[in-house]
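Asker: Quick one: the structure is below, questions incoming.
The values are calculated or read from the model by the stated rules, or taken from the named source; none is laboratory data. The model shown is predicted, which means the values in this text are computed figures rather than measured ones. Methodologically, a virtual Cβ is constructed for each residue, glycine included, from the backbone with ideal geometry; neighbour enumeration extends over all protein chains shown.
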């Protein structure tokens, strides 16, 4: 296993990384101009060699383009069969990946991608799979359900991508992942992306990936967007709603997301802000998929100015022009702070990540500063 830590002194362009002109035009229209560190290292390797890859990096590092662009170049549009499989832990992330792959191919020969997620009408998905499909982006449980119904075959799959592999294991998809990897043993390569490499991931690597797999690792200090200003307010728990309300009142047309650690906390905050007539919507993991989609459509179409979300439900949120995120509580894991704060400061714009903490939690701010190489300033 070859291991590299990503350290750079200069940045390359997507053209220098080997991306074809038809994809460059699409990237430019999406405002994706400068490659991230993960993209700089992964894209040339996957384009040139395309063999097994283990990439350890946090969320917010541009992984979709890092694996998506090389994957698209390896698809033969003339063959109407599933040639690649991308697995993701949540419906929202799977849909986001599929949408991004579609956007990348705006100026290329048509490559058909289908998102297969739980919580949606299975008959509709079965009918969709009757059309030519080159790439499937799926949650593991729904993919196996459809496979058992013989709605699709994995016989022609040459590439399997595991995105946020540790999240899939933590959500209980170990059995499904093993089944899918066993069903695609004739694949040419496996590309595994994960924020952490726990024992469960090591087991998958040992059983289903080449001993010569290349491993790339990017440290947390190179993950966080430098266009984000990190701020904090030390306050008592019962002061948080008043502080958030005061902040939102001053935002004029600015839009943002408020993250809560728990479903109950998100529901209570939404109730309190609604009583104060703020235009908010809410998503959390216990909502039906139809309800979550409705809330996201309302937010994307600016019918709701502010969104309250839990971490699990928020994975896959991809909305530009958000001016801020507020952390009602700090998340349990550092990776979630990176994911949350990365919802703002996108496409070269500035953003604010505001954390509300108990005065006794100041040490957690120090820990975030040290781990992510960022600086927090107190919000006045």
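Asker: Residue 226 - would you say it is modelled with pLDDT of 95 or more and in a loop (DSSP other than H, G, I, E, B)? Working first, answer last.
Answerer: Values: modelled with pLDDT of 95 or more: no; in a loop (DSSP other than H, G, I, E, B): yes.
Taking the combined requirement at face value, the residue does not satisfy it.
Asker: Suppose we filter 200, 141 for residues that are surrounded by fewer than 19 Cβ atoms within 10 Å (Cβ to Cβ), closer than 28 Å to residue 342 by Cα, within 21 Å of the chain's Cα centre (by Cα) and at pLDDT 95 or above; which single one remains?
Answerer: Working: 200 fails: at pLDDT 95 or above.
Of the residues listed, the single one that is surrounded by fewer than 19 Cβ atoms within 10 Å (Cβ to Cβ), closer than 28 Å to residue 342 by Cα, within 21 Å of the chain's Cα centre (by Cα) and at pLDDT 95 or above is 141.
Asker: Would you check if there is a residue in segment 76-95 being within 22 Å of the chain's Cα centre (by Cα), surrounded by fewer than 18 Cβ atoms within 10 Å (Cβ to Cβ) and modelled with pLDDT of 90 or more? If you could, list the steps in order and put the result at the bottom.
Answerer: If we filter segment 76-95 for residues that are within 22 Å of the chain's Cα centre (by Cα), which is where we start, we get 84-95.
After this cut, where a residue has to be surrounded by fewer than 18 Cβ atoms within 10 Å (Cβ to Cβ) as well, the list is none.
Within segment 76-95 (the criterion being within 22 Å of the chain's Cα centre (by Cα), surrounded by fewer than 18 Cβ atoms within 10 Å (Cβ to Cβ) and modelled with pLDDT of 90 or more), the answer is no, since none of the residues qualifies.
Asker: Could I ask something else about it? Look through segment 251-289, keep the residues that are part of a helix (DSSP H, G or I) and without any contact (Cβ under 8 Å) to a residue 24 or more places away in the chain, and return whichever of them is surrounded by the fewest Cβ atoms within 10 Å (Cβ to Cβ). Don't jump to the end; show me each part of the working.
Answerer: Pass one, segment 251-289, residues part of a helix (DSSP H, G or I): 263-275, 289.
After this cut, where a residue has to be without any contact (Cβ under 8 Å) to a residue 24 or more places away in the chain as well, the list is 264, 267-268, 271, 274-275.
Numbers: 264: 12, 267: 16, 268: 15, 271: 12, 274: 14, 275: 9.
Looking at residues that are part of a helix (DSSP H, G or I) and without any contact (Cβ under 8 Å) to a residue 24 or more places away in the chain, I get 275.
Asker: Return the residue satisfying two criteria in turn: it lies in segment 203-217 and is surrounded by fewer than 19 Cβ atoms within 10 Å (Cβ to Cβ) and assigned to a helix (DSSP H, G or I), and of such residues it is nearest to the chain's Cα centre (by Cα).
Answerer: Residue satisfying both the conditions and the ranking: 203.
Asker: Given the criteria buried (at least 19 other Cβ atoms within 10 Å of the Cβ) and not in a loop (DSSP other than H, G, I, E, B), does residue 233 qualify? Before the answer, list the steps.
Answerer: Working: buried (at least 19 other Cβ atoms within 10 Å of the Cβ): no; not in a loop (DSSP other than H, G, I, E, B): yes.
When the stated conditions are applied, residue 233 does not pass them.
Asker: Scan (1) in contact with a helix residue (DSSP H, G or I) (Cβ under 8 Å, 6 or more places away or on another chain); (2) part of a strand (DSSP E or B) for the single condition residue 248 breaks and write down its number.
Answerer: Residue 248 satisfies all of (1) in contact with a helix residue (DSSP H, G or I) (Cβ under 8 Å, 6 or more places away or on another chain); (2) part of a strand (DSSP E or B) except (2).
Asker: If you take just the strands (runs of 3 or more DSSP E) that sit entirely in segment 72-156, which of them hold at least 3 residues that are closer than 21 Å to residue 290 by Cβ? I'd like the intermediate steps shown before the answer.
Answerer: Details: elements: 84-87, 113-116, 135-138.
Answer list for segment 72-156: 113-116.
Asker: Then there is this: Counting only residues that are within 17 Å of the chain's Cα centre (by Cα) and either assigned to a helix (DSSP H, G or I) or surrounded by fewer than 15 Cβ atoms within 10 Å (Cβ to Cβ) (or both), how many does segment 157-195 have?
Answerer: Total meeting the criteria: 6.
Asker: Residue under question is residue 243, and the condition is that it be touching a residue at least 12 places away in the same chain (Cβ under 8 Å) and over 27 Å from the mean Cα position of the chain (by Cα); does it hold? First the steps, then the outcome.
Answerer: Numbers: touching a residue at least 12 places away in the same chain (Cβ under 8 Å): yes; over 27 Å from the mean Cα position of the chain (by Cα): yes.
Criteria met by residue 243.
Asker: Quick one: residue 104 ticks every box in (1) under 28 Å from residue 285 (Cα atoms); (2) touching a helix residue (DSSP H, G or I) at 6+ places or on another chain (Cβ under 7 Å) except a single one, so which number is it?
Answerer: Evaluating residue 104 over (1) under 28 Å from residue 285 (Cα atoms); (2) touching a helix residue (DSSP H, G or I) at 6+ places or on another chain (Cβ under 7 Å) leaves (1) as the failure.
Asker: Then there's this: May I ask you to verify whether residue 103 is at pLDDT 90 or above and surrounded by fewer than 21 Cβ atoms within 10 Å (Cβ to Cβ)? Working first, answer last.
Answerer: Working: at pLDDT 90 or above: yes; surrounded by fewer than 21 Cβ atoms within 10 Å (Cβ to Cβ): yes.
Yes.
Asker: For segment 251-268, which positions are more than 24 Å from residue 375 (Cβ to Cβ) and touching a helix residue (DSSP H, G or I) at 6+ places or on another chain (Cβ under 7 Å)?
Answerer: Residues of segment 251-268 more than 24 Å from residue 375 (Cβ to Cβ): 252-253, 255, 260, 262-268.
Within segment 251-268, just 260 meets the criteria.
Asker: Look at segment 38-63 and say how many of its residues are within 16 Å of the chain's Cα centre (by Cα), in a helix (DSSP H, G or I) and touching a residue at least 60 places away in the same chain (Cβ under 8 Å).
Answerer: Number of matching residues: 2.
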